[in-house]
Amino acid sequence: MSSTAQMEDELALVSVNESNSATYDILLKIMALGDTGVGKSCFLVQYVEGRFMMKYVTTVGVDFFLRKLTYEHSDWEKEVQVQLWDTAGQERYRSLTRAFLRDGMGFLLLFDLTNIESFRHTESWIEEIREKTICEDPDIILVGNKSDMEDKRQVPRSAAISLAEAHNIPYIETSAATGENVQLAVNLLLHRVMQRLKKYMRDIRYNYEEEEINLNQESSSCSLCSKTTTQ
Ligand SMILES: Nc1nc2c(ncn2[C@@H]2O[C@H](COP(=O)(O)OP(=O)(O)OP(=O)(O)O)[C@@H](O)[C@H]2O)c(=O)[nH]1
Ligand SMILES: [Mg+2]
């Protein structure tokens, strides 16, 4: 999926709103990954605070932002605490970033549209995510950032779409400077993670109910058995 219209369609019945609730039902761990300087921190600050950080302050170690949201889709409404992890793209913090990958439920994999190297490295980031997370099929969104710098573009849209299709993940172009598509990218990721959790919770409930039925059947057959033996 690589058109914003398709993404908006997928989100047509979804509502994600700021919440004041003191408690939450679900804790989501979302991570921003990608090479140094691609705009991870700016992207997250734009998403959480709606402003652009012009000055470049490289992330040291990891940082995180919190957002409380109410997520609603068809008959399912949940209070969600979202932890947005901002990782350091610099090589020297790579082992720390890797250690954090394990618990991630959804990943915003950013590259810089004006830096072809950052795009070339996305493939190894995808492999790394799939290898290190405990989730079997983690949700990843490929994000081409700095779309406001069209005159300096080095990565053709078609190349990014091909890569995303090869890995079966959505592709979106954003600007942390203007805010273009930033909410859309995060909302799409949240929605996909929430749908996966919903299915997981249903499967657990289903298995639990199945187990209960089996137990009941076992106990009735047991009582029948004992009846037979006592007669
Ligand atoms: N024009 C433009 N500049 C951006 C955009 N996003 C980030 N920048 C600039 O790019 C530089 C790096 O942004 P950061 O968000 O700090 O990059 P980062 O990925 O967090 O980098 P590390 O913390 O080193 O991994 C800063 O100077 C930002 O102002 C964007 O969408 N458009
Ligand atoms: Mg940063």
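Bear in mind these aren't lab numbers, they're just calculated from the coordinates by the rules spelled out. For clarity, every value in this text was computed on a predicted model and none was experimentally measured. Here Cβ is always computed from backbone atoms with ideal geometry, including for glycine, and neighbour counts include all displayed protein chains.
Remarks
- DSSP loop trypsin sites (Lys or Arg not before Pro) with at most 14 other Cβ within 10 Å excluded, longest remaining stretch of the chain: 103-231
- Counting only DSSP beta bridges whose two residues both lie in the chain, roughly 45 percent are antiparallel.
- Checked against a 23 Å cut-off, the cross-linked pairs Lys78/Lys132; Lys40/Lys198; Lys29/Lys152; Lys29/Lys132; Lys55/Lys146; Lys40/Lys132 give Cα-Cα distances beyond that limit for Lys78/Lys132; Lys40/Lys198; Lys29/Lys152.
- Computed over neighbours whose Cβ is under 10 Å from that of Ile140, the net charge equals 0, Lys and Arg +1, Asp and Glu -1.
- The stretch 106-187: GluC sites (Glu not before Pro) in DSSP loop, at most 14 other beta carbons within 10 Å: Glu136
- Based on Cα atoms of the chain, Rg over Rh with Rh as the Kirkwood radius reads 1.13.
- For the chain, built as a Gaussian network whose Cα springs stay under 10 Å, the top-fluctuating residue of Ile161, Ile26, Ile172: Ile26
- Test item: Cα-centred dipole of the stretch 4-230, Lys/Arg +1 and Asp/Glu -1 on Cβ, debye: 580
- With the simple model of a label 7 Å out from the Cα in the direction of the Cβ, Glu91 to Trp76 spans 4.2 nm.
- Residue-count net charge about Asp103 - beta-carbon cut-off 13 Å; Lys, Arg +1, Asp, Glu -1: +4
- Phi to ³J(HN,Hα) by Karplus 6.51 cos²θ - 1.76 cosθ + 1.60 over the stretch 171-176, Hz, x for Gly, Pro: 10, 9, 9, 10, 9, 6
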